[in-house]
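Visitor: What follows is a structure written as structure tokens; I'll ask about it next.
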Amino acid sequence: MSNEQKITTEIKVPNKDLETLKIHFPHCFDKDGNFQFEKFKNNLTEKEINFSTESYGLDWLGKSYARLLASDPATTLLKADETHNAKPENNNSENLLIKGDNLEVLKHLANAYYEQVKMIYIDPPYNTGSDGFTYQDDRKFTVKELQQLIGVDAEKAKRILDFTQSKSNSHSAWLTFMYPRLYIAKQLLKDEGVIYVSIDDSEVSQLKMLLDEIFGEENFRGIIIRATGTTTGQEALKIGSSYDSCLCYSKTAKFQLKGIPLKGKDLNRFNNDDNDGKGKYALLQLRKTGNADRKEDREGMFFPITAPDGSQVFPIGPTDYLSRWRTGKDKFQKFLDEGLIVWKENGEDIEEFDDDEDENEEDEITDYSSVTNENVDISKFKSKWKPYVKYYLSERTKQVSNLWTDIDGNKKGSIELKLLFEKKKLFENPKPTDFLKRLITISCSSDELILDFFAGSGTTADAVLNMNSDDLTNRKFILVQIPELIDPKKSKTTYTYVKNDLGIEVPTIFDVTKERVIRAARKIKTEKTEYDGDLGFKIFETTPIWEDYNFEAEQFDSSQTLFDVGKLTEDDIKALLTTWKTYDGIALTQDLESIDLSGYTAYYGNGRLYLMHKGFTTDSLKTLLEKIDTDKHFEPKSIIAFGYHLESKSLREISENVKTYNNKKKSDIDFITRY
Ligand SMILES: C[S@@+](CC[C@H](N)C(=O)[O-])C[C@H]1O[C@@H](n2cnc3c(N)ncnc32)[C@H](O)[C@@H]1O
């Protein structure tokens, strides 16, 4: 019979760490798949590996529960907003806005977007005490169940359940909320990827330690201090705050920060222009100036070069010492070939700038190792000629520091949003788009994927769309926002706007997010009529798995389930298909192809064929096998059937025929029945 799966228990984050261990240390697992740590330890013969018995780390009430949340299966399905997605601007879009609790959504994304994301930005609840953060959890465990699941005693299990069910906002509650989300988020990042998390002083210490634990202290890249432009909380007992923090961690050492364009006084030295279309440039001495400018600092960068009159020129420092060039021989030759070297004779008027810039290269062997600053007759090395290099402004950038005071603060964020919404204030403290733009500039190249799973008013999407239309690139975004109810008393303007202007019966923050992205895109379209980049986005949302469906069974037996399959609508089947394809690694923005099998419609994509509907016949099977045999573009690696919708006779028939086909054709098609 076919491989059977109860798919709802499978939608969870794959444990790749364990997989890696299994690949490299198979002998450290027993027959039941248990990892034998002692065996592993004994196998490590390298002397330099020390197992420390003392450790330092972060602990809180609920940590083991938070781990459970990260590995527990999703309790929802994913469903497309077909009306929105069918609109011409969204139809082919690769951007996504997903409505739902981000923990559920991240679990759904864990396979299809595994190691796909270049940058994550999140701006989670700061837990200031007044920002409304409280821990919410629909999971209903009994003390006994929890004890068993996370291995704690009854008293601890009770304390954990108390806070998970009592709308707590303690540090423990906040950490329990953040841990599983960050843990899964890490799986989505590429090795070259990076995460930024905004926070203020309320949870900054907890967050730093949490990120150290999840991402590793060696991947900490810094804390950006962003001036917010306003000061809050100035009291006799407390220092007011005029900044927030943004913690930056890379997934691995492969992430490299990019520079930002120069501005302000940095532009002063770019005052030359050959009017050849290459723009402004600065002339920098080829001799290294500033720090580490002596011959002995980089022996390989001391060599003679030929001046326009044929004489040999060496790098000599201003107080008559042997200095060095900025480059080795190869890079110098490249500069020469590209016409970037300019010669000046002594006395020629040129403004000089000190510059620490170095062209990083390996040192080469030189013929001048015996000449040193101690034994040199400097007069033999001096020349009237000085070489300079053209540094074009368009190619120069500057690495960022951790103090960002030059970006307009929170007021700017609010003004931007109000401008999009006819001056209505619909969201408290949205981040300014310039902040997101700078994070994107230092992290991403042209067409990478950016994820924000605390989307709020959708600033990240606005920044991505605007940057793409400015530099004609194709970065993509995934935004996640929970349909948090808008309180008509606390946020009257927002509530009234969403209800009356957008016509939404039960107004939520998600409706604001969606409308902001639509409006930001529309503004770009109006201002840049020629622009034809991706200004759309597709919407998906989580929806609870059907009642009765989520039963637990040791051994699945479809005939004994209480689930009434007759209740399922066409929309339910579509949601199941969307959920399964995402689970199987197919991007949400990728549509499946409909395949006609003698009047039966199957769905195909990325080597997977889905048989979701009733009515699969022997003829369908015949057509299917023929198609596999004859159509070069149709190569299913797995055939996945919805077990409730295919008769057991059909399932058996498919299974047997696929097996025979595999044997005959030496192919390896998998047949899976899912319930
Ligand atoms: C501080 S705001 C983000 C603001 C955003 N950076 C901006 O510029 O507009 C945090 C957002 O996360 C949302 N949120 C909170 N918990 C969530 C969850 N579990 N899943 C998804 N979104 C959540 C809140 O509704 C809120 O809109």
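The values are calculated or read from the model by the stated rules, or taken from the named source; none is laboratory data. From a predicted model like this one, the values you see are computed outputs, not experimental measurements. Note that we place each Cβ from the backbone using ideal geometry, even for glycine, and neighbour counts take in every protein chain shown.
Visitor: Scan the range 397-416 for residues that are surrounded by fewer than 17 Cβ atoms within 10 Å (Cβ to Cβ), part of a loop (DSSP other than H, G, I, E, B) and in contact with a Leu (Cβ under 8 Å, 6 or more places away or on another chain) and jot them down.
Guide: Once the filter is applied, which keeps residues that are surrounded by fewer than 17 Cβ atoms within 10 Å (Cβ to Cβ), part of a loop (DSSP other than H, G, I, E, B) and in contact with a Leu (Cβ under 8 Å, 6 or more places away or on another chain), the range 397-416 yields only GLN399.
Visitor: Can you work out which of the residues in the range 129-148 that are of a type in the set (A, V, I, L, M, F, W, C) and within 20 Å of ALA70 (Cβ to Cβ) is farthest from the ligand (Cβ to nearest atom)?
Guide: Taking the range 129-148 first, the residues of a type in the set (A, V, I, L, M, F, W, C) are 133, 141, 143, 146.
Cutting the leftovers down to within 20 Å of ALA70 (Cβ to Cβ) gives us 133, 141, 146.
Values: PHE133: 8, PHE141: 19, LEU146: 21 Å.
Of everything passing the filter in the range 129-148, LEU146 is farthest from the ligand (Cβ to nearest atom).
Visitor: A further question follows. Would you point out which residue out of SER166, SER198 is in contact with a strand residue (DSSP E or B) (Cβ under 9 Å, 6 or more places away or on another chain), surrounded by fewer than 22 Cβ atoms within 10 Å (Cβ to Cβ) and among the small types (Gly, Ala, Ser)?
Guide: Details: SER166 fails: in contact with a strand residue (DSSP E or B) (Cβ under 9 Å, 6 or more places away or on another chain).
Going through SER166, SER198 in turn, the sole match is SER198.
Visitor: A further question on this structure: Output yes when any residue across the range 116-133 is free of Cβ contacts under 8 Å to residues at least 24 places away in the same chain and hydrophobic (A, V, I, L, M, F, W, C), and no when none is.
Guide: The answer is no, given that none of the residues of the range 116-133 is free of Cβ contacts under 8 Å to residues at least 24 places away in the same chain and hydrophobic (A, V, I, L, M, F, W, C).
Visitor: Sticking with this one: Please enumerate the residues belonging to the range 621-671 that are hydrophobic (A, V, I, L, M, F, W, C) and farther than 14 Å from LEU609 by Cα. Even if it seems obvious, please write down each step before you answer.
Guide: At the first step, the residues of the range 621-671 found to be hydrophobic (A, V, I, L, M, F, W, C) are 621, 624-625, 628, 634, 639-642, 646, 651, 654, 658, 669, 671.
Of everything in the range 621-671, those that are hydrophobic (A, V, I, L, M, F, W, C) and farther than 14 Å from LEU609 by Cα turn out to be LEU646, LEU651.
Visitor: Has the range 614-637 got at least one residue that is over 40 Å from the mean Cα position of the chain (by Cα), closer than 24 Å to LEU77 by Cβ and among the aromatic types (Phe, Trp, Tyr)?
Guide: Yes, that holds for at least one residue.
Visitor: Across the range 430-444, what is the total count of residues that are within 12 Å of the ligand (Cβ to nearest atom) and either basic (Lys, Arg) or closer than 18 Å to ASP131 by Cβ (or both)?
Guide: Residues flagged as within 12 Å of the ligand (Cβ to nearest atom) and either basic (Lys, Arg) or closer than 18 Å to ASP131 by Cβ (or both) within the range 430-444 amount to 2.
Visitor: Now for a different question. Go through the range 186-224 residue by residue and tally those that are of a type in the set (A, V, I, L, M, F, W, C) and in contact with a Cys (Cβ under 6 Å, 6 or more places away or on another chain).
Guide: Residues of the range 186-224 that are of a type in the set (A, V, I, L, M, F, W, C), as a first pass: 188-189, 194-195, 197, 199, 204, 207, 209-211, 214-215, 220, 223-224.
Applying the additional criterion that residues be in contact with a Cys (Cβ under 6 Å, 6 or more places away or on another chain) yields 224.
The qualifying residues number 1.
Visitor: Looking at (1) under 25 Å from HIS108 (Cβ atoms); (2) buried (at least 20 other Cβ atoms within 10 Å of the Cβ); (3) within 14 Å of the ligand (Cβ to nearest atom), which is the only condition PRO483 fails?
Guide: Unmet for PRO483, out of (1) under 25 Å from HIS108 (Cβ atoms); (2) buried (at least 20 other Cβ atoms within 10 Å of the Cβ); (3) within 14 Å of the ligand (Cβ to nearest atom): (2).
Visitor: Just to be sure before I move on: is ASP447 in a loop (DSSP other than H, G, I, E, B), of a type in the set (D, E, K, R), within 16 Å of the ligand (Cβ to nearest atom) and modelled with pLDDT under 95 in the structure I sent? Before the answer, list the steps.
Guide: On the way: in a loop (DSSP other than H, G, I, E, B): yes; of a type in the set (D, E, K, R): yes; within 16 Å of the ligand (Cβ to nearest atom): no; modelled with pLDDT under 95: yes.
In short, no.
Visitor: Among the residues of the range 78-109, write down those that are over 16 Å from ARG522 (Cα atoms), part of a loop (DSSP other than H, G, I, E, B) and in contact with a strand residue (DSSP E or B) (Cβ under 6 Å, 6 or more places away or on another chain).
Guide: Hits for the range 78-109 are ASP81, GLU94, GLY100.
Visitor: Name every residue in the range 215-251 that is assigned to a loop (DSSP other than H, G, I, E, B) and hydrophobic (A, V, I, L, M, F, W, C), in order of residue number.
Guide: Let us first name the residues in the range 215-251 that are assigned to a loop (DSSP other than H, G, I, E, B), namely 216, 233-240, 251.
If the condition is that a residue be assigned to a loop (DSSP other than H, G, I, E, B) and hydrophobic (A, V, I, L, M, F, W, C), then ALA236, LEU237, ILE239 are the ones that fit.
Visitor: Let me ask something else about it. Need the failing condition index for GLY33 against (1) within 16 Å of the ligand (Cβ to nearest atom); (2) more than 22 Å from the chain's Cα centre (by Cα); (3) at positive phi, just the number.
Guide: Condition (1) is where GLY33 drops out.
Visitor: On to the next question. State all residues of the range 286-316 that are within 20 Å of LYS390 (Cα to Cα) and without any contact (Cβ under 8 Å) to a residue 60 or more places away in the chain; if no residue qualifies, say none.
Guide: Selection gives ASP293, PRO304, THR306, PRO315.
Visitor: Another one. Which ones in the range 73-84 are crowded, with 18+ Cβ neighbours inside 10 Å and either aliphatic (A, V, I, L, M) or away from the ligand (no atom under 15 Å from the Cβ) (or both)? Working first, answer last.
Guide: Looking only at the range 73-84, we keep the residues that are crowded, with 18+ Cβ neighbours inside 10 Å, and these are 74, 76-80.
If the condition is that a residue be crowded, with 18+ Cβ neighbours inside 10 Å and either aliphatic (A, V, I, L, M) or away from the ligand (no atom under 15 Å from the Cβ) (or both), then ALA74, LEU77, LEU78, LYS79, ALA80 are the ones that fit.
Visitor: Could you check how many residues of the range 110-128 are within 16 Å of the ligand (Cβ to nearest atom), of a type in the set (Val, Ile, Thr) and either assigned to a strand (DSSP E or B) or crowded, with 19+ Cβ neighbours inside 10 Å (or both)?
Guide: 2
Visitor: Please go through (1) within 15 Å of the ligand (Cβ to nearest atom); (2) closer than 28 Å to LYS437 by Cβ; (3) not hydrophobic (A, V, I, L, M, F, W, C) for GLU192 and return the number of the only condition it doesn't satisfy.
Guide: All conditions are met except number (1).
Visitor: Could you please find all residues in the range 17-65 being free of Cβ contacts under 8 Å to residues at least 12 places away in the same chain and under 30 Å from ARG139 (Cα atoms)? So that I can check it myself, show each step before the final result.
Guide: Pass one, the range 17-65, residues free of Cβ contacts under 8 Å to residues at least 12 places away in the same chain: 17, 19-20, 22-24, 26, 29-34, 36-38, 41-42, 44-56, 59.
Residues satisfying the conditions are ASP17, GLU19, ASP32, GLY33, ASN34, ASP59.
Visitor: May I pose another question? So ASP511 passes all but one of these: (1) within 12 Å of the ligand (Cβ to nearest atom); (2) over 30 Å from the mean Cα position of the chain (by Cα); (3) not hydrophobic (A, V, I, L, M, F, W, C). Which condition number does it fail?
Guide: Going through (1) within 12 Å of the ligand (Cβ to nearest atom); (2) over 30 Å from the mean Cα position of the chain (by Cα); (3) not hydrophobic (A, V, I, L, M, F, W, C) one by one, ASP511 breaks only (2).
Visitor: Can you tell me which of ILE504, ILE518, ILE509 is farther than 14 Å from PHE421 by Cα, touching a Phe, Trp or Tyr at 6+ places or on another chain (Cβ under 9 Å) and hydrophobic (A, V, I, L, M, F, W, C)?
Guide: On the way: ILE504 fails: touching a Phe, Trp or Tyr at 6+ places or on another chain (Cβ under 9 Å); ILE518 fails: farther than 14 Å from PHE421 by Cα.
So the residue among ILE504, ILE518, ILE509 that is farther than 14 Å from PHE421 by Cα, touching a Phe, Trp or Tyr at 6+ places or on another chain (Cβ under 9 Å) and hydrophobic (A, V, I, L, M, F, W, C) is ILE509.
Listed here are the residues, each with its yes/no results for (1) in the same structural domain as SER414 (by TED's automatic domain parsing); (2) hydroxyl-bearing (Ser, Thr, Tyr).
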| position | (1), (2) |
| --- | --- |
| ALA227 | yes, no |
| GLU235 | yes, no |
| TYR249 | yes, yes |
| ASN272 | no, no |
| GLY290 | no, no |
| ARG298 | no, no |
| MET301 | no, no |
| ILE305 | no, no |
